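The values are calculated or read from the model by the stated rules, or taken from the named source; none is laboratory data. Quick caveat, the model's predicted, so the values are computed rather than measured. A quick note on method: Cβ atoms are made from the backbone with ideal geometry, for glycine too, and the neighbour counts reach across all protein chains shown.
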Amino acid sequence: MNPLSRLRCLRAGQLTIVSLCILSAVVPFVFPGDMTVPSGGRFYRIYWYQQGLEHGNPFFNLRFRVNDPDVALNPRFMYRSEPRGNGMMQIRIEEDLAQLSGVELYLELWGGHPGTANKRVAINGRSQYSIPETGTGDGNCTHLYPTLPLKLTDLVNGYNALQFSCDKGSSFWGHFIVDNAALRLDLKPEHSDLKKFGLAGFQAALKATPAGDNRETFRLELSASSPNLLAIASVDYQGFYRGYAENGSLEAASWHGFTKARRPVAIVASSLQLPFSADWDFSMLSAQTDAAVQAVVRFKDHPELVYVTAPVRGLQLVRPESKKVELITSKDLPKQFWSRAGRKSQCALEIATDPAQIERAELHVVIWDGGAGTVKDYFTLNGHPLQVAGSGRHDVIYSRLPIEPSLLRRGQNRIELLSDTDHHGIEVLLPGPALMVRSPK
């Protein structure tokens, strides 16, 4: 395997725009999500889809595009490069299937043209799986990072064919994009490669404790035997909590975070060096008693292997008695929240608190960046411009931006989006813009 570049990931405490470039070599990463983890943790190995004939994947368009059948004869679109894609990808694995305990398919997915219906994938012609519906079929702009449990009998030791498809639904062109796909293989504890790599019996445990006198931060610490610690390259900490659904799942209470170009976004913390401890600052989350956190461990010499610790559950995210944090979402979110060719789109966020009482505020928003054209102030909050897009690369960008409370109003706060591109402009993806507001009770 070719050397892979060291991971540099965004910590949740940074208030910035996430815009990661696709690199030629990145550390493999797939979020574990809400899965069953043995008390001693578990190992899995990742195989990513790779474009190119040498990988069994010829292509006509640089993006992996999936189309409804009708587009093949649609005179408006049939001569473009996108409809030439057949929706099939192959992922080659070299595995003794008898040494595996499970398999999952992970996807980085742009939901596609609003109205696209029945997104699905078949594995080696054996089983077909529905891709979760999170609003695309109802006409919304979406993105999604699903983990689909597969049957071990779906696999072959060799080239695994994944056939993606969709229906037109109510769209003008049934279409979605798979930016990345990976097969994640669960290794049995006695797997011969773990013995070969000196990782047989490896175990690590996670501890989360309040950090000093600060009741709004957890200190995250990983424990393992000294030789095992020296084998670790990096540790990422993923949180389960109730908050903004930045991963497009529409589930406020869930394992948060997603990947972009195979790299983690919106995790609670990370560490690249011994002793791999980190802090989780949850001061801008609402109070809750059922949060959790787990560690995702990668190794210096075997970056294709990942170890996930058993989650620490039942964490209490507490506020000082005099403080509260609220997530404010829009009640008039347009279904097709996009702008192109000078068509303005907007929504409102209703705040009941006097802005003079607000201590901190953050705006959360995820967009699909097709470009703003010549519009300088393309995205505004109460007329104040905010930078949430990039260079128009047609990629997903998640922004978590600090907002000066004086910019807010009691009552209606207006979000406006405007792009004058001739073609695809900017889309605001579900769950739409939201404000996280901290204030006295």
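Would the range 142-158 turn up any residue that is free of Cβ contacts under 8 Å to residues at least 12 places away in the same chain and outside the structural domain of Val396 (by TED's automatic domain parsing)?
No: the range 142-158 contains no residue that is free of Cβ contacts under 8 Å to residues at least 12 places away in the same chain and outside the structural domain of Val396 (by TED's automatic domain parsing).
Go through the range 90-123 and give me each residue that's surrounded by 21 or more Cβ atoms within 10 Å (Cβ to Cβ) and of a type in the set (S, T, N, Q).
Correct list: Thr116 only.
Assuming Thr209 fulfils every condition listed in (1) of a type in the set (Ser, Thr, Tyr); (2) closer than 22 Å to Leu144 by Cα; (3) over 25 Å from the mean Cα position of the chain (by Cα) apart from one, which condition is it?
Of the numbered conditions (1) of a type in the set (Ser, Thr, Tyr); (2) closer than 22 Å to Leu144 by Cα; (3) over 25 Å from the mean Cα position of the chain (by Cα), the odd one out for Thr209 is (2).
Would you confirm, using the coordinates I've provided, whether Tyr159 is of a type in the set (Phe, Trp, Tyr), under 17 Å from Tyr49 (Cα atoms), surrounded by fewer than 21 Cβ atoms within 10 Å (Cβ to Cβ) and modelled with pLDDT of 95 or more?
yes
Among the residues of the range 283-291, is there at least one that is closer than 21 Å to Arg45 by Cβ and surrounded by 21 or more Cβ atoms within 10 Å (Cβ to Cβ)?
No: zero hits.
Would you confirm, using the coordinates I've provided, whether Leu349 is surrounded by 20 or more Cβ atoms within 10 Å (Cβ to Cβ) and not hydroxyl-bearing (Ser, Thr, Tyr)?
When the stated conditions are applied, Leu349 passes them.
Can you tell me which residue within the range 104-157, out of those that are part of a strand (DSSP E or B) and of a type in the set (Ser, Thr, Tyr), is nearest to Val178 (Cα to Cα)?
Step by step, filter the range 104-157, then rank; the result is Tyr106.
So which pairs qualify, if the first residue must be in the range 202-220 and assigned by TED's automatic domain parsing to the domain that holds Phe276, the second must be in a strand (DSSP E or B) and at pLDDT below 90, the Cβ gap must be under 9 Å, and the two must be at least 6 apart or on different chains?
Here the result reads Thr217/Ala211; Phe218/Ala211; Arg219/Ala211, each pair linking the range 202-220 to a residue that is in a strand (DSSP E or B) and at pLDDT below 90.
Among the candidates Pro28, Pro75, single out the residue that is over 25 Å from Val396 (Cα atoms) and either modelled with pLDDT of 95 or more or not assigned by TED's automatic domain parsing to the domain that holds Ala291 (or both).
Pro75
Give me the residue from the range 352-383 that is in contact with a strand residue (DSSP E or B) (Cβ under 9 Å, 6 or more places away or on another chain) and of a type in the set (S, T, N, Q) and, out of that set, surrounded by the fewest Cβ atoms within 10 Å (Cβ to Cβ).
Gln357
I need the full set of residues from the range 300-332 which are crowded, with 18+ Cβ neighbours inside 10 Å and in a loop (DSSP other than H, G, I, E, B), in order please.
If the condition is that a residue be crowded, with 18+ Cβ neighbours inside 10 Å and in a loop (DSSP other than H, G, I, E, B), then His302, Pro303, Thr309, Ala310, Pro311, Arg319, Ser330 are the ones that fit.
Considering every residue within the range 89-100, establish whether at least one is at pLDDT 95 or above, β-branched (Val, Ile, Thr), in a strand (DSSP E or B) and touching a helix residue (DSSP H, G or I) at 6+ places or on another chain (Cβ under 8 Å).
Checking the range 89-100: not a single residue is at pLDDT 95 or above, β-branched (Val, Ile, Thr), in a strand (DSSP E or B) and touching a helix residue (DSSP H, G or I) at 6+ places or on another chain (Cβ under 8 Å).
In the range 124-153, which residue that is surrounded by 15 or more Cβ atoms within 10 Å (Cβ to Cβ) and in contact with a Lys or Arg (Cβ under 6 Å, 6 or more places away or on another chain) is nearest to Gln163 (Cα to Cα)?
Among residues in the range 124-153 that are surrounded by 15 or more Cβ atoms within 10 Å (Cβ to Cβ) and in contact with a Lys or Arg (Cβ under 6 Å, 6 or more places away or on another chain), the one nearest to Gln163 (Cα to Cα) is Ile131.
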